[in-house]
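A short write-up of the structure that comes next.
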Amino acid sequence: MSIVNAKEIMVEAAKGKYAVGAFNITDLIQLEGVVDAAVEKKSPLIIQTSVKPSKFLGRDVLVAIFRTIAESAPIPICLHLDHCTEVDYCKACADSGYTNIMIDASKQSYEENIRQTKEIVDYCHSVGNISVEGELGTVSGVEDQIIVSEDETQLANPAQAVEFVERTGVDIFAPAIGTAHGVYKTKNPKVDFERMATINKMLNSNGIKTPLVVHGGTGLPEDYIKKLLEAGGAKFNVSTELKRVLIDAKYDYICAHREEYDPGKVDVAVRDAIRKAVGHWIDMLGSEGKA
Ligand code: 13P
């Protein structure tokens, strides 16, 4: 149907109290499985690549595949560059045709984070219809999730979040609220729902201007997802789960068909497993039928 930036589909999501799934892919079969699920469920979709696969596969190759698939798919699709810490690579991906760029300068000082984020916002807006995601605070890895969530200074400060958004002009915003990348080691990860709701209220109570992103989707309990939707989450990032599904599906198929040597059949198994996993996320996020 259309190639879109992340902001436009997230504004609709935030208004409708659902969220768009943003799925990290590392290869073509995974990408096809993600698109299969979104098409089947008639859901808007964000495809993400982190920097490593983007450089490994080639950003122009990825954009060409994305365009080919998105132009014929009956749903709106965005191609997002995830967690890029290099200003130059953000710009290169914008030039290549990514439609959302995340400049992750969250490990820099507050002022430097603002400076780099604003530079990418200005650049992407001058190139074309590209939205930009910025992050404030620390979205931890799972190892240090507890430490971060108990350390207020590493979570996004609501007043600073508003200032950050205003000074950078960022289109979509990822506040650190205690979610973590990887597989949570506890059934009850420490997530600050109130902080998310407060930031959302401060940014979006007079109409949705800067929709919010939830990082660390893998392993979030379903009731957490519900609460985060209510608190304003309009994009949920899911990466680790899809890596595990890819490798497990491949491994299981090969173990069960040890003498077959037919890569096409392995690919079918992986694509279908990814389709099912993403379909489940679309159900949880409430985006079915919203395309
Ligand atoms: P997970 O790997 O925990 O799903 O987190 C994904 C993410 O936030 C990517 O930006």
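Do you know the relative contact order of segment 107-226, to the nearest whole percent, from alpha carbon pairs under 8 angstrom that are 6+ apart? Walk me through the numbers before you get to the answer.
Details: 183 pairs, mean separation 32.0, N = 120.
Answer for segment 107-226 is 27 percent.
Treating the angle as unsigned and between 0 and 90°, give the value, to the nearest 10°, between the Cα long axis of helix 110-127 and the longest Cα principal axis of the chain.
The two axes meet at around 60 degrees.
For segment 94-164, run through the trypsin sites (Lys or Arg not before Pro) and keep only the ones in DSSP coil with at most 10 other Cβ atoms within 10 Å of their Cβ.
Values: sites: K107, R115, K118; in loops: K107.
Answer by residue number: K107.
Could you derive backbone 3J(HN,Hα) for segment 227-236 from the dihedral phi with the Karplus parameters 6.51, -1.76 and 1.60 (θ = phi - 60°), listing whole Hz in sequence and x where the residue is Gly or Pro?
With the stated coefficients, segment 227-236 comes to 5, 6, 5, 4, 7, x, x, 10, 9, 10 Hz.
Just how large is the dipole of segment 160-205 about the Cα centre, in debye to the nearest 20, putting +1 at every Lys and Arg Cβ and -1 at every Asp and Glu Cβ? It would help to have the intermediate numbers written out before the result.
Numbers: 6 positive and 5 negative charges, 65 e Å.
Using only the charged Cβ atoms, the result is roughly 320 debye.
Place the peptides 178-186, 149-157 in order of packing, highest mean first, counting for every residue the other Cβ atoms within 10 Å and averaging per peptide. Kindly include the intermediate steps, with their values, before the conclusion.
Details: 178-186: 18.8, 149-157: 16.4.
In descending order of packing, they fall as 178-186, 149-157.
How high is the relative contact order of the chain, given as a whole-number percent (alpha carbon pairs under 8 Å, six or more residues apart)?
Values: 586 pairs, mean separation 71.2, N = 291.
Relative contact order comes out at 24 percent.
In a Gaussian network model over the chain where Cα atoms closer than 10 Å are linked, find which of V170, V63, V213 has the largest mean-square fluctuation.
In this elastic network of the chain, the residue with the biggest mean-square fluctuation among V170, V63, V213 is V63.
Give the residue from S106, T153, Y123 lying farthest towards the positive end of the charge dipole for segment 104-160; charges sit on Cβ (+1 for Lys and Arg, -1 for Asp and Glu) and the dipole is referred to the Cα centre.
Of the listed residues, the answer is Y123.
Which lysines have a Cα lying under 24 Å from the Cα of K118, excluding residues fewer than 8 positions away in the same chain?
Within the straight-line limit of under 24 Å, K118 reaches these lysines: K7, K52, K55, K91, K107, K201, K209, K235.
Restrict the search to segment 29-73; then list the trypsin sites (Lys or Arg not before Pro) that DSSP places in a loop and that have at most 16 other Cβ atoms within 10 Å of their Cβ.
Values: sites: K41, K42, K55, R59, R67; in loops: K42.
Listed in order of number, the matching sites are K42.
For the chain, take the longest principal axis of its alpha carbons; what is the angle in degrees between that and the long axis of helix 87-96, to the nearest 10 within 0 to 90?
The angle comes out near 50 degrees.
About its Cα centre, how strong a charge dipole does the chain have in debye, to the nearest 20, once Lys and Arg get +1 and Asp and Glu get -1 at the Cβ? Present the calculation step by step, with values, prior to reporting the outcome.
On the way: 32 positive and 42 negative charges, 99 e Å.
That gives a dipole near 480 debye.
May I ask you to derive the FRET efficiency for Q160 and V127 from their Cβ-Cβ distance with R0 = 25 Å, giving the value to the nearest 0.05? Spell out each step's value before the answer.
On the way: r = 28 Å, r/R0 = 1.13.
According to the calculation, E is roughly 0.35.
Report, in deg cm²/dmol and to the nearest 500, the calculated mean residue ellipticity at 222 nm for the chain, where each DSSP H run with n ≥ 4 adds -39500 (n - 2.57) and the sum is divided by the residue count. List each step's numbers first, then the result.
Details: 12 runs with 152 residues, N = 291.
Taking each H run of at least 4 residues, the total per residue is -16500 deg cm²/dmol.
Work out the length of the dipole vector of segment 132-291 about its Cα centre, built from +1 on the beta-carbon of each Lys and Arg and -1 on the beta-carbon of each Asp and Glu, and round it to the nearest 20 debye.
Values: 19 positive and 25 negative charges, 59 e Å.
Dipole about the Cα centre, nearest 20: 280 debye.
Mind listing the phi-derived Karplus ³J(HN,Hα) values for segment 179-193, rounded to whole Hz, using 6.51, -1.76 and 1.60 with θ = phi - 60°, and x for any glycine or proline?
Once rounded to whole Hz, the list reads 6, 9, 6, x, 9, 4, 8, 10, 6, 10, x, 8, 10, 9, 4.
Are there trypsin sites (Lys or Arg not before Pro) in segment 223-291 that DSSP puts in a loop and that have at most 16 other Cβ atoms within 10 Å, and which ones?
Loop-located and lightly packed - R258.
Between G169, I208, N188, whose Cα lies farthest towards the positive end of the dipole of segment 139-214 when Lys and Arg beta carbons carry +1 and Asp and Glu beta carbons carry -1, centred on the Cα centre?
Checking the options against the dipole of segment 139-214, the answer is I208.
Each reported figure results from applying straightforward, stated rules to the coordinates on display, with no laboratory input. Predicted model only: the values in this text are computed from it and were never measured. Backbone-built Cβ (ideal geometry, glycine too); neighbour counts: all protein chains shown.
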